[in-house]
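Single-structure report; data block below.
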Amino acid sequence: MKILVGYKRVVDYNVRIQVKPDGSGVVTEGVKLSANPFDDIALEEALRLREKGIASEVVVATIAPADAQAHLRNGLAMGANRAVHVVTSEAIQPLTAARALLKLVEKEQPQIVLLGKQAIDDDCNQTGQMLAALWNRPQATFASKVEVSGNTAKVTREVDAGLETIEVDLPAVITTDLRLNEPRFIKLPDIMKAKSKPLETLQLADLGVASGDTLKTTNYAPPAKRSKGVMVKDAAELVAALKTKGLL
Amino acid sequence: MSKILIIAEHLNGKLNPSTARCVSCAQAIKAAAIDVLVLADAPDAIAAEAAKIAGVSKVLAVANPASAHALAAVYAPQVVAAASGYSHVFAPSTTFGKDVAPRVAALLGVAQVSDIMSVVDAHTFTRPIYAGNAIVTVQAPADQTVVATVRTASWPAAAGGGSAPVEALTLNVEVPSHTRFVELAQGSSERPDLQSASKVVSGGRGVGSAENFAIIFKLADKIGAAVGASRAAVDAGYVPSDLQVGQTGKIIAPELYVAIGISGAIQHLTGIKDAGTIVAINKDAEAPIYEIADIGLVGDLFKIIPELEAALG
Ligand SMILES: Cc1cc2nc3c(=O)[nH]c(=O)nc-3n(C[C@H](O)[C@H](O)[C@H](O)COP(=O)(O)OP(=O)(O)OC[C@H]3O[C@@H](n4cnc5c(N)ncnc54)[C@H](O)[C@@H]3O)c2cc1C
């Protein structure tokens, strides 16, 4: 079976993002970009399914500006067989991403689509669910364990109440949570090998998807600051301070 | 005029408090109606609870054996059928709402606003991005249904004491059988619930082991607090994943949050920014947690916690 992996490039999780003083956006110039950590986990899971002999091919896809090729090469270096780059110069919203991914799904006919549960830039947590809806297929979100057997997958999900297990018929969309696996590191020889792996380029405009980018962002602001705190010298002082505040 | 439909979250026949928080958010929009939709196999008791939330106009109860468990693929087509005539569909931004709302939005062919922090007007909201390091104002089109999740930590639970009418509703929608519930392994529920507790004591990697976490639980029990954890503590297997607080775990707003052996990474801080009072206990005086703590105490947690217990009497 084939697995399609959504592989988004985002501002690295270690960067403390700054809002531009005029509220028109956040500063992204010169900022380090990396794969969305949840997408690395998605790719890792796909590779493990291939190593177990369950999947035969892993395709990584991204919808991003033309300069995201190096990012896709990283996905290939990690071990994906092929890459698909849907090129767009504009940032797109989840509904558009889901519609574009559906086009890839129709073309590639994967049995499993693996995506991160959220991208750590817009923190939307929508694309996988939207794709599953448009595709009219099951969704297993926030996965911490995936077991594929035959035409079904048993997925354990990290939910607020604990761990929920569901069974889905394939094809299905699975979105990853942090505990699913620990992504492998890319080794130097793999970077060399990745250079010759197939990387297909498509234009978003050519896919014939209606734009779902209907939300207009009118302002960016820094978060409210908390006022400066105090230091106490020992446990007794801490308890006294909490009692004064009526918290104990 | 806006008409708002709130998808009720419930488990084991009980309404989740996140529903009353969605009602608060809906009240910030001057709506003509705020209705609550209860999808369940046996919705009556849950609907009766929802009817008591002040500000609710009407509760719609849809009994369906297929809705015994909150499967997004089963709920979404029912929500879509019930949503006709509504200008807004809200769900809490809990794992339940995050799972189902985008599926509803996509079926309706509309965008979703995730994690509403505040309401500017009926179509304009603020929400966090980049782990809460920026707050954006987003405007949804006025001619489309607004599907949104409500950041529960930003909204108090609406008061009780209401008496909204409950209407039984039958929806003629086919629901898929391709997604099946297997089981739910729930943590122990003797302690207060992390998402609604007024006090939370959290432990991080500094606690060192699952065994050592017993001291965090003991302290929490002593002051009647829920227990939380950093990602590092969960990843290391000290505690189960449903205790994770932060950008990709639970976003909480207790009156008191005590962070013990937690460094204060941005991903953790975004989960606690709305807490009333933040206390940090860490042996590293330079730890970033002190940048947002209201009260800081530098020292070894294994020495401080017993002293705290003694001081508490
Ligand atoms: C995609 C992504 C999502 C993430 N989501 C989350 C999230 O939702 N929530 C979250 O918490 N993190 C999240 N993280 C992880 C985050 O970046 C940090 O790695 C994590 O929060 C660190 O946990 P910690 O503070 O317990 O551990 P550390 O950073 O290792 O800090 C341990 C602290 O304990 C202190 N300490 C050690 N021993 C003692 C002692 N004896 N007494 C007192 N203090 C002691 C140390 O001084 C140190 O400050 C995410 C990361 C990524 C990449």
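Values as computed for the structure displayed
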read-out: Output for region A:183-242, where each listed residue is open to solvent by 80 Å² or more (accessible area, probe 1.4 Å) and either touching a Leu at 6+ places or on another chain (Cβ under 7 Å) or hydrophobic (A, V, I, L, M, F, W, C) (or both); value: A:Phe185, A:Leu188, A:Met192, A:Ala205, A:Ala224, A:Val230, A:Met231
read-out: Among residues of region B:32-45, those that are in a strand (DSSP E or B) and open to solvent by less than 30 Å² (accessible area, probe 1.4 Å), counted; value: 8
read-out: Filter result (in contact with a strand residue (DSSP E or B) (Cβ under 6 Å, 6 or more places away or on another chain), of a type outside the set (A, V, I, L, M) and open to solvent by 10 Å² or more (accessible area, probe 1.4 Å)) within region B:100-117; value: B:Asp115
read-out: Listing of strands (runs of 3 or more DSSP E) fully contained in region A:98-198 that carry 1 or more residues being more than 7 Å from every other protein chain (Cβ to nearest Cβ); value: A:112-116, A:139-149, A:152-159, A:172-176
read-out: Residue satisfying all of: in region B:280-313; acidic (Asp, Glu) and exposed (fewer than 14 other Cβ atoms within 10 Å of the Cβ); farthest from B:Ser209 (Cα to Cα) among these; value: B:Glu286
read-out: Residues of region B:82-120 satisfying the condition of being within 10 Å of chain A (Cβ to nearest Cβ), more than 16 Å from A:Gln129 (Cβ to Cβ) and in contact (Cβ under 8 Å) with a residue 40 or more places away in the chain; value: none
read-out: Members of region B:224-234 found to be under 17 Å from B:Ile272 (Cα atoms) and away from the ligand (no atom under 12 Å from the Cβ), listed by number; value: B:Ala225, B:Ala226, B:Val227
read-out: Complete set of residues in region B:121-138 that are more than 9 Å from every other protein chain (Cβ to nearest Cβ) and in a strand (DSSP E or B); value: B:Asp121, B:Phe125
read-out: Cβ-Cβ under 6 Å pairs, at least 6 apart or on other chains, region B:273-289 side of a type in the set (S, T, N, Q), far side more than 6 Å from the ligand (Cβ to nearest atom) and assigned to a strand (DSSP E or B); value: B:Thr277/B:Leu256
read-out: Top-ranked residue in region B:207-218 [being within 12 Å of B:Arg191 (Cβ to Cβ) and away from the ligand (no atom under 12 Å from the Cβ); ranked as farthest from the other protein chains (Cβ to nearest Cβ)]; value: B:Phe217
read-out: Positions within region B:197-211 being in contact with a helix residue (DSSP H, G or I) (Cβ under 8 Å, 6 or more places away or on another chain) and part of a loop (DSSP other than H, G, I, E, B), in sequence order; value: B:Gly204
read-out: Residue in region B:70-81 that is more than 21 Å from B:Val147 (Cβ to Cβ) and either more than 14 Å from chain A (Cβ to nearest Cβ) or crowded, with 16+ Cβ neighbours inside 10 Å (or both) present; value: no
read-out: B:Gly271 being within 12 Å of the ligand (Cβ to nearest atom) and either in a loop (DSSP other than H, G, I, E, B) or closer than 30 Å to B:Ile34 by Cβ (or both); value: yes
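Matching residues to (1) more than 8 Å from chain A (Cβ to nearest Cβ); (2) without any contact (Cβ under 8 Å) to a residue 60 or more places away in the chain; (3) in contact with a strand residue (DSSP E or B) (Cβ under 7 Å, 6 or more places away or on another chain); (4) within 8 Å of the ligand (Cβ to nearest atom):
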residue	(1), (2), (3), (4)
B:Lys222	yes, no, no, no
B:Ala236	yes, yes, no, no
B:Asp242	no, yes, yes, no
B:Ile251	yes, no, no, no
B:Gln267	no, no, no, yes
B:Ile295	no, yes, yes, no
B:Ala310	no, yes, no, no
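To keep it simple, each residue is scored yes or no on (1) at pLDDT below 95; (2) within 8 Å of another protein chain (Cβ to nearest Cβ); (3) touching a helix residue (DSSP H, G or I) at 6+ places or on another chain (Cβ under 9 Å).
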| site | (1), (2), (3) |
| --- | --- |
| A:Val209 | no, no, yes |
| A:Gly212 | no, yes, yes |
| A:Thr218 | no, yes, no |
| A:Ala221 | no, yes, no |
| A:Arg226 | yes, yes, yes |
| A:Asp234 | no, yes, yes |
| A:Lys243 | no, no, no |
| A:Leu248 | yes, yes, yes |
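The values are calculated or read from the model by the stated rules, or taken from the named source; none is laboratory data. Since the structure is predicted, the reported quantities are computational estimates derived from the model, not experimental observations. Counting neighbours? That spans all protein chains shown, and the Cβs are built from the backbone with ideal geometry, glycine included. Quick note on the areas: whole protein, heavy atoms, side chains included, nothing else; ligands and nucleic acids left out. Shrake-Rupley method; radii C 1.70, N 1.55, O 1.52, S 1.80 Å.
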